[in-house]
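Notes to accompany the following structure.
What follows draws every value from the coordinates through simple rules; no lab data is involved. Since we're looking at a predicted model, the values are computed, not measured. Virtual Cβ from ideal backbone geometry, glycine too; neighbours counted across all protein chains shown.
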Ligand SMILES: Nc1ncnc2c1ncn2[C@@H]1O[C@H](COP(=O)(O)OP(=O)(O)OP(=O)(O)O)[C@@H](O)[C@H]1O
Ligand SMILES: [Mg+2]
């Protein structure tokens, strides 16, 4: 049971990281990324193929996704934001095809095994917990960095670009440049999550990177509240709680077999999000605001 | 010169604004006033003609580059950023913010915090001036129509502009606030900012404009003082024609 809980907690941490990346891209900058599974896969394969293990491999995964994110955003920098969203779909498909068919690189459908764990030095019994700690450390560090950015003038400019890019431009903001930065940085965070995924499972193959990865990330951000990093971690947590707790339904309702249960669980998650959005249309938490008392030593008149 | 498909929206229209001067731009509905402001602000690219700022040709610059050079517009239908607070709307417009660079935001927190405090002090002073100080921490979406127009002006001022293009700043603003607006525009002009003012409220035009240009069907129709222009037979006809149509 403990091992099961540690596994779930690790998966929540990874999902939260993906959500953090999407929250920067879509929550703050308004750039929908339907190719999250592609970035996640690139991160995972980069780590699996990396000549160096551990943290440096994760750095490579982030760099690869940073570059790809910047490239996709640059390609569409002079167009409406919707074009970027369309390109991301194509990007994920390209990544899927490469991972399946370029056997010399990715070993095709057989996948890549023996990805070294960053906590391999621990005694075997302690490795799951050690990895959870490692993943939580990465989550915390990413959260801190993204939270500083969200509350900074950079984050404010992104929110302006998201809500009305014409106004942002007439106020002197470099709309294209801001979008490229946000998309690339968000991509790097998703790449980090993908890299951790590879290190966690130590074995990856193309079937792990389907569009359900993308769907969960959007669910976490929507449930948590677009623009709020804390909210989305709660969102990712709730979705996994719902997904995993429904696993035990078959003990309660004897009629359910495996396939029925799998379908039912996804339906329950969907229903849960609908219910949440009816009760709290803006998600669990609102995005942070800058208030004058935080900025001014003066008392309100 | 600017065409929307078959519609010739601008043809030979021109507008010059000197520092400290308030130029009125009037004309019937559909005359092309907003279109002319859009061309000046860089939101529309004209098929012919040029835009100059301080003698430099800025026709090929985008709106952001023009804003950074001190040319900024407000919108006829206020475009507040509703999910930002009133104060954040102004802070956003502050020019040359280091905190908008990712690395500075992450690695120079104290510098960025000091910059934010300085900008906030200026933003709050502007909010006091436009009568929105009490609304500083409200979401801009909650402002009344008139207050949103004032916010547009405040945001423009935050840029330390040299030329401000106002598109019907008084439309939908309550009469006492219009007086406030008139006083403010004169005050700011005295500080050296040039204004182009598109407005249907003729009392306001008469009150604040140094000179007036009339546009009809995209072409310049008349120019001069408010009295000269309103006495012009062709101007009266254009307005009546516009109403009859
Ligand atoms: N995006 C567009 N596409 C096609 N036609 C347009 C567009 N924008 C404006 N027009 C047309 O160009 C002409 C000038 O419009 P413009 O909005 O500049 O007028 P205006 O003088 O600002 O009028 P108002 O006083 O009603 O604000 C009108 O005939 C209008 O219908
Ligand atoms: Mg107009």
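Axis angle, to the nearest 10 degrees, between helix B:109-129 and the longest C-alpha principal axis of chain B: 40 degrees.
Taking B:55, B:145, B:192 as the candidate residues, the one with maximal mean-square fluctuation in a Gaussian network model of chain B, Cα springs under 10 Å, is B:55. Note on the protein assembly as shown: Cα Rg divided by 2.2 N^0.38 Å, N the number of residues, gives 1.16.
When chain A is treated as a Gaussian network with alpha carbon springs shorter than 10 Å, the biggest mean-square fluctuation among A:179, A:96, A:265 belongs to A:265. Principal axis extents of the Cα atoms in the stretch A:219-301, from largest to smallest and rounded to whole angstrom, are 67, 19, 17.
Derived value for the stretch A:27-82: Kirkwood hydrodynamic radius 12.4 Å. Basis is the mean of 1/r over every pair of different alpha-carbon atoms.
The alpha carbon gyration tensor of the stretch A:2-209 gives principal lengths a ≥ b ≥ c with a/c of 1.5 or higher and a/b no greater than b/c, which makes the shape oblate.
Among the residues of B:150-159, the average count of other protein chain beta-carbon atoms within 10 Å of the residue beta-carbon is 1.
Convex hull volume per residue, computed on the Cα atoms of chain B, equals 139 Å³.
Going from the fewest other Cβ atoms within 10 Å to the most, the residues A:211, B:74, A:99 appear in the order A:211, B:74, A:99.
Mean per-residue shielding of peptide B:117-123 is 3, counting Cβ atoms of other chains within 10 Å of each Cβ. Using a simple spin-label model with pseudo-atoms 7 Å out from Cα toward Cβ, residue A:210 and residue B:128 lie 6.3 nm apart. On the basis of the beta-carbon distance and an R0 of 22 Å, residue A:52 and residue A:102 show a calculated FRET efficiency of 0.50.
With a ≥ b ≥ c taken as the square roots of the eigenvalues of the C-alpha gyration tensor of the stretch B:67-171, please select rounded if a/c is under 1.5 and otherwise prolate if a/b is larger than b/c or oblate if it is not?
Working: a/c = 2.10, a/b = 1.54, b/c = 1.36.
Because a/c hits 1.5 or more and a/b exceeds b/c, the stretch B:67-171 counts as prolate.
What does the C-alpha gyration tensor say about the overall shape of the stretch B:32-74? Classify as rounded when a/c is under 1.5, otherwise prolate if a/b is larger than b/c, or oblate. Oblate, since a/c reaches 1.5 and b/c is not below a/b. The angle separating the long axis of helix B:145-158 from the principal Cα axis of greatest extent in chain B is about 70 degrees. For the stretch A:88-154, the Kirkwood estimate of hydrodynamic radius, built from reciprocal distances between every pair of different alpha carbons, is 15.5 Å. Compute the helix-to-body angle for A:229-245: its Cα long axis versus the longest principal axis of chain A, expressed 0 to 90° and rounded to tens. With both axes taken from Cα atoms, the answer is about 30 degrees. Taking every DSSP helix (H) stretch of at least 4 residues in the protein assembly as shown, weighting each as -39,500 (n - 2.57) and dividing the sum by the residue count yields a mean residue ellipticity at 222 nm of -18500 deg cm²/dmol. Taking every residue in B:97-104 and counting other chain Cβ atoms within 10 Å of its Cβ, the average works out to 6. What do you get for Rg/Rh over the stretch A:1-112 if you use C-alpha atoms and the Kirkwood form of Rh? Rounded to two decimals, Rg/Rh equals 1.01.
Could you let me know the centre-to-centre spacing of the stretch A:187-227 and the stretch A:91-148, using Cα atoms, in angstrom? Using only Cα atoms to place each centre, the spacing works out to 10 Å. Projected onto planes of every orientation and averaged, the convex hull of the alpha-carbon atoms in the stretch A:168-230 covers 5.9 nm².
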